[in-house]
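Everything on this sheet refers to the single structure shown next.
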Amino acid sequence: MSQPRILVARAIFPDIVDRLREHFDVEANPDDVIWTPQELAARLADKDGVLTTGSQRIDATLLAAAPRLQICANMAVGYNNFDVQAMTAAGVQGTNTPDVLTETTADFGFALLMATARRMTESEHYLRAGQWTKWSYDMFAGSDIHGSTLGVIGMGRIGQGIARRGAHGFGMKVVYHNRSRLSAEMEAECKASYVSKEELLRNADHVVLVVPYTAASHHTIGAAELALMKPTATLINIARGGIVDDAALAVALREGRIAAAGLDVFEGEPSVHPDLLTVPNVVLTPHIASATVPTRRAMANLAADNLIAFFGGRGPLTPVNTPAVGRRG
Ligand code: GLV
């Protein structure tokens, strides 16, 4: 019997591609070429499965061009690159990589918060530019983390990890807003109190965004929400581009309506709104919140395991949908 044909849409760890080759007929992309949607569709015309990395859009048009495709295994916890409804209607399984990246991503969220509040990159640029000629009492004075109020918008696993770090590690008062309230046990574990989004924005010293991107969460933070925040507050986005209105944020930062922002994700990335590149009070990183070697390996292995389990007839390990009837290869 011939093996299922798999496309690995972006470069990943070569030894994990080799693992896939033990089970499948694999077309990989070791040179990490960024294919157009048409090029991706052409490569998927004869494939049974695909390993995606979160930047390949899987929608009805692509599914129509890939009649054999049965599963899309995303190497990411977020899967807003999937049109889940279209996939489910077409009988195509989707999977993601939850849990394995939770603590690493929460670490990064906290690192970005600290770098932003304490103006670390701004001061480093100043030093590297040879501008440091004397010490002064207010040089790069930022805001405190310890003892301040942390507001987490989106209290899933990663949001909980950030809340725990803030409450237990830094003695922060933690407030959160989420679609649904956590159980009393989980609130106690995270030492977090549920508040409305408005109350959170008005009271938090540091606001961290960890919501999934959907039509409903588009521009969760825009000009009106930024206007509610304290002028001394910081805003951290490790969720997805589009959760923040980047143009409105750049204006708020330039006009000092909030103190600073830390952004790992951007609307239209890898393009970054040009105004964000010129305001000094923002820390910018290129979507690397889950980027440690062990975690990226765990994510790639989980995506591979989903493909192996699915074609082995054991069902996907971490499904994001439940197609009633699967496609036949
Ligand atoms: C990264 O952004 C992910 O969703 O895993």
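Report yes if some residue within the stretch 144-154 is crowded, with 23+ Cβ neighbours inside 10 Å and farther than 19 Å from G262 by Cα; otherwise report no. Looking for residues that are crowded, with 23+ Cβ neighbours inside 10 Å and farther than 19 Å from G262 by Cα, one finds none in the stretch 144-154, hence no. When the stretch 295-321 is filtered for residues that are without any contact (Cβ under 8 Å) to a residue 60 or more places away in the chain, open to solvent by 40 Å² or more (accessible area, probe 1.4 Å) and either hydrophobic (A, V, I, L, M, F, W, C) or not in a loop (DSSP other than H, G, I, E, B) (or both), only D305 remains. In this structure, I221 does satisfy being buried (at least 19 other Cβ atoms within 10 Å of the Cβ) and touching an Asp or Glu at 6+ places or on another chain (Cβ under 8 Å). Residues in the stretch 76-130 that are among the hydroxyl-bearing types (S, T, Y) and without any contact (Cβ under 8 Å) to a residue 60 or more places away in the chain were compared, and the one that is most open to solvent (accessible area, probe 1.4 Å) is Y126.
Restricting D275, D246 to those that are at pLDDT 95 or above and under 20 Å from the mean Cα position of the chain (by Cα) reduces the list to D246. Of the candidates A184, A215, A192, the single residue that is of a type in the set (G, A, S), over 28 Å from E255 (Cβ atoms) and open to solvent by less than 50 Å² (accessible area, probe 1.4 Å) is A192.
Look at G268 and say whether it is in contact with a helix residue (DSSP H, G or I) (Cβ under 9 Å, 6 or more places away or on another chain) and either away from the ligand (no atom under 16 Å from the Cβ) or of a type in the set (K, R) (or both). The answer is no for G268.
Taken over the stretch 44-71, residues that are open to solvent by less than 80 Å² (accessible area, probe 1.4 Å) and in a helix (DSSP H, G or I) amount to 4. Here are A106, A45: which of them is more than 18 Å from F310 (Cα to Cα) and assigned by TED's automatic domain parsing to the domain that holds H206? Answer to the check: A106.
The values are calculated or read from the model by the stated rules, or taken from the named source; none is laboratory data. All figures in this text were calculated on a predicted structure; none of them were measured in a lab. Cβ atoms come from the backbone with ideal geometry, glycine included; neighbour counts cover every protein chain shown. The accessibility values were calculated without ligands, DNA or RNA, using every heavy atom of the protein model including side chains. Shrake-Rupley method; radii C 1.70, N 1.55, O 1.52, S 1.80 Å.
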